[in-house]
Amino acid sequence: MTPPSERPIVQFVLAGKSSDCGGEGRPWTLVYDGDCAVCNRFIRLVGRWDRHARIESIPSQNPCVRARFPWIPADAFADAVQLIGPNGRTTQGAQAVEDLLGILPRGWMLAWIFKLPLVGRLADRFYRWFARNRYRFGCGDHCPVGPTPVIYE
């Protein structure tokens, strides 16, 4: 019998969507809004900072997200970034950002801010406000606000 590590992996692609929803095998997964320009810049920053490749980043629009994380309500992905860790431990929003800083090398240099009195509560309120208004910052084609159109007369 062929050992599991040497068996070929069969992957199906139907209508451009892969059947592979297994992830990258990293201990942490960060699910973010792939349509948000600010979120995408944040993910690129996390990728550069994650020198030990411990964090997998996946947009919430990926069809595999619901299959991989069925315990997270669908609307939660639209409300906040989700950080899923070992054993399925999940945090979201400002708490996920704080936890993320604890995972990243030298993240402690910023994480201490969350330990200050009232900062945690203010960070959560700010995060919720920002999440509701995220398409107003760094707008792209999807942005409902977008740049003001130029009208020629």
> So between His52 and Glu24, what do we pick up on full extension, going 0.36 nm a residue minus the alpha carbon distance?
Replying inline: 8.7 nm
>> At q = 0.22 Å⁻¹, what log₁₀ I(q)/I(0) does the stretch 24-136 have when each alpha carbon counts as one equal point scatterer in the Debye sum?
In response: -1.41
> What is the mean projected area of the alpha carbon convex hull for the stretch 58-124, to one decimal in square nanometres?
Replying inline: 5.1 nm²
> Tell me, how many Å apart are the Cα centres for the stretch 33-58 and for the stretch 108-136?
Replying inline: 18 Å
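Where a number appears in this text, it was derived from the coordinates with a stated rule and is not lab data. All values reported here derive from a predicted model rather than from experimental measurement.
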